[in-house]
Amino acid sequence: MIEKFPPITSKLPVFLHGGDYNPDQWPAEVWEEDMRLMKLAHCNAMSVGIFAWARLEPAEGQFDFDWLDRVMDMIAENGGVAVLATPSGARPAWLARKYPEVLRVRPDRQRNLFGGRHNHCLTSPVYREKVRIINSKLAERYANHPALAVWHLSNEYSGECHCELCRAAFVEWLKRKYGTLDALNHAWWTAFWSHTYTDWNLIEPPSPIGEMAVHGLTLDWKRFVTDQTVDFMRHEIAALREFTPDVPVTTNMMGTFPGLNYWRFAPYLDVISWDSYPMWHRGDDVALASDVAFIHDINRCLKGGKPFMLMESVPSATNWVPSAKVKRPGMHALSSLQAVAHGSDTVQYFQWRKSRGSSEKFHGAVVDHVGHEHTRVFRDVADVGMKLEKLSNVIGTTVRPDVAIIYDWENLWALDDAQGPRRGDKGYLEACKRHYRAFWERGIPVDVIDMEQDLSRYKLVIAPMLYMLRPAVDERIAAFVRAGGTFVATYWTGIVDENDLVILGGWPGGKLREVLGIWDEEIDALYEHDRNAVLPCADNTLGLAGEYELRDYCALIHPESAQVLATYKHDFYAGRPVLTVNAYGSGKAYYLASNPDDRFLRDFYGALDAELGLLHSLDAELPHGVSAQLRTDGETRYIFVMNFNAEPVTIDLGTTTYRDMLTDETLSGVVTLGVYDVKVLVA
Ligand code: GLA
Ligand code: ZN
């Protein structure tokens, strides 16, 4: 079956390559030169107008589009397209001065001064009206412009506002959710510390000078912040849709940014995009590469496998990290093509031309202060452009993995709020990334989804620390296992419901106890320096042997219908189960009661791979630091093979003959991957 998504824009059905372009920071003479350089850099997509509100509307109701007309014309004349932004990410000073309500109020209830970005109330009717006007003007003016390809909504939506307007909106949101105060008081467990609310208007958003300890409140506030941001975004989209119903909309997200649940944004966007700034050459690049792949995979999954946009990345040094290390030769192409491997149909940068002033003047850019094309970074960018030109057939393809890992924002919020079994960060994201790495190392593609997605297409679903169970999640997991799926859960699973109320009667809650066949009686949280160990049982079905290290958490469980595969080595619970498996329907459910070392995860998932015959991107043994990732239309397989080692390695491709799309070389048997090398193999 052929499965191919349409290109991001029908105006230019090739890989988009380009970046944030701020001509409003430069005199018009520079623009001609930018166009010359754009072609030399093999760039074809410029993101414009992102922070241009003050230039577009220098005084209230006075608009100046002449400069943008010229820029849009020049982009089109030079064969490119524009990713045109709505300017709501930063407001002009006159707007803030005249209408103070547009400025954000901090959690301590103090109103900010003008300045910065993301410093606006998303509820303010004045702000929404001003945004509607400028968005409508842009959409009306450029609706039929040949350069207009994609709308870039605002920029990296984030943050929250604690003004009176937002408080009132929160109360309305709560009324819609709970209907009655009794329901809210129960869900929030407000008898605690005499918090019972007798009037809706007594409710205040969480604040360090007020209440932070009512977890139902803090959780609902985070949900409200997401919903209010989505509502604001939909308000932005409505103004655009009126004039440009067919131009796709996106907003640039920030990976696993904890403040917003991106799954709530996805239904309203035509295409997903994100900004990726990994700190290469700082520590273990191999582990980092796997972590970045994990985030790319979230972005691919947000719209069911549809290709996404790498909206921002840096051509060389990032300015906001502790040390702005430049990318070593080869790393730019490798990290750009890694995004493509995992489903991006663009490679874009922040930014095109390096700023002359203000805080981003040393942030890497395609065109440096020297102003010409004879730089290492410029050549690297042009090289990526040429590589992308060879990969046009990959556009619109995706991957349908056999494995899914559940990473869920609401689960993160609830987990990290809890004061137990540790305070603060519970290591949830880290755990998900570590389970992911065991597959990345083997070149087994993975979907990264939240707990509400359909599980039926997978063979193996892994849900590390699924602390919160939203309604019906346990039922869907049960149905998945019953139908023959394999499920892996860990310590600290099924503890609270969607309101962060502890599930009574024994963990894991809901159907999961029956699915996993265990009862989790208590959990021991270890100190940083504490270790325990796993001892696999003799003749365990997974063939595990020897001993593996454990840290952080040790759950003390009782098998009910499950079979014990491994036990604890130390402490008063030595000999008690740490790994179990339960046959349930036609499937199996594993429970891992502690946090094991990477070697264990590798062996454990290696055994499950052997048993389940999981889809691999490449039929070959991958050396350490090499990853393989498949994109396919269901017929032709495009296999990206990437070496994240700072040294060459060899890989045995066996008897199959492949062609490398980047070099046109024919490859089989043992081949060498150079330092940071990428090959795109087709059989
Ligand atoms: C973010 C923003 C950009 C720019 C870059 C710099 O991703 O979206 O406007 O500030 O950071 O890294
Ligand atoms: Zn507000």
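Nothing in this text is a laboratory measurement; each read-out follows from the coordinates by a stated rule. Since this is a predicted model, take the numbers as computed values, not measurements. So basically every Cβ, Gly included, is an ideal-geometry build from the backbone, and we count neighbours across all protein chains shown.
Taking the DSSP beta bridges with both ends in the chain, the antiparallel portion is around 55 percent. Charged neighbours of Arg356, selected by a Cβ distance under 13 Å, balance to 0 (K, R count +1; D, E count -1).
When the alpha carbon coordinates of region 338-417 are projected onto the principal axes, the ranges are 48, 41, 16 Å, largest first. Among beta bridges from DSSP that stay inside region 389-548, the antiparallel ones total about 20%.
For region 132-262, taking the reciprocal of the average inverse distance between every pair of different Cα atoms yields a Kirkwood hydrodynamic radius of 17.0 Å.
P(r) tail for the chain: Cα pairs beyond 36 Å make up 45% of the total. Computed over the alpha-carbon atoms, region 522-598 gives an Rg to Rh ratio of 0.97, Rh here being the Kirkwood radius from the mean inverse distance. Take 34-45, 278-289 and order them by the average number of nearby Cβ atoms within 10 Å per residue, most first; the result is 34-45, 278-289. The reciprocal of the average 1/r between distinct C-alpha atoms defines the Kirkwood hydrodynamic radius, which for region 202-355 equals 17.6 Å.
Taking the Cα centre of region 510-604 as reference, the dipole from Cβ charges on Lys and Arg (+1) and Asp and Glu (-1) amounts to some 340 debye. Fraction of C-alpha pairs exceeding 20 angstrom in region 626-682: 17 percent, rounded to a whole number.
If only the Cβ of Lys and Arg carry +1 and only the Cβ of Asp and Glu carry -1, the dipole of region 626-682 around its Cα centre is close to 100 debye.
Which lysines does Lys303 reach when only Cα atoms under 24 Å apart count, and residues fewer than 8 places away in its own chain are ignored? Result set, ordered by chain and number: Lys4, Lys11, Lys222, Lys433, Lys459. Dividing the C-alpha radius of gyration of region 577-622 by 2.2 N^0.38 Å, with N its residue count, gives 1.36. Think of region 626-682 as a dipole: +1 on every Lys or Arg Cβ, -1 on every Asp or Glu Cβ, centred on the Cα centre; then among Leu673, Thr650, Leu630, Leu630 lies furthest on the positive end. For region 61-200, the dipole from Cβ point charges (+1 on Lys and Arg, -1 on Asp and Glu) about the Cα centre works out to 380 debye, to the nearest 20.
The alpha carbon convex hull volume per residue for region 105-202 rounds to 155 Å³. Under 5 Å between amide hydrogens, built in the peptide plane, is the criterion, and for Trp507 it picks out Asp520 among residues at least 5 positions away or on other chains. For Lys175, a cut-off of 14 angstrom between C-alpha atoms picks up these aspartates and glutamates, skipping any fewer than 8 places away in its own chain: Asp199, Glu204, Asp220.
The residues neighbouring Asn44, those whose beta-carbon lies less than 11 Å from its own, together hold a net charge of +1 under the Lys/Arg +1, Asp/Glu -1 convention. Around Trp188, what is the net charge, scoring Lys/Arg as +1 and Asp/Glu as -1 over all other residues with Cβ under 9 Å from its Cβ? Local charge sum for Trp188: -2. Between the amide H of Ile462 and those of Ala404, Ile405, Ile406, Val488, distances stay under 5 Å, these residues lying 5 or more places away or on another chain, with hydrogens modeled in the peptide plane. In terms of overall dimensions, region 403-612 has a Cα radius of gyration and Dmax of 15.5, 42 angstrom.
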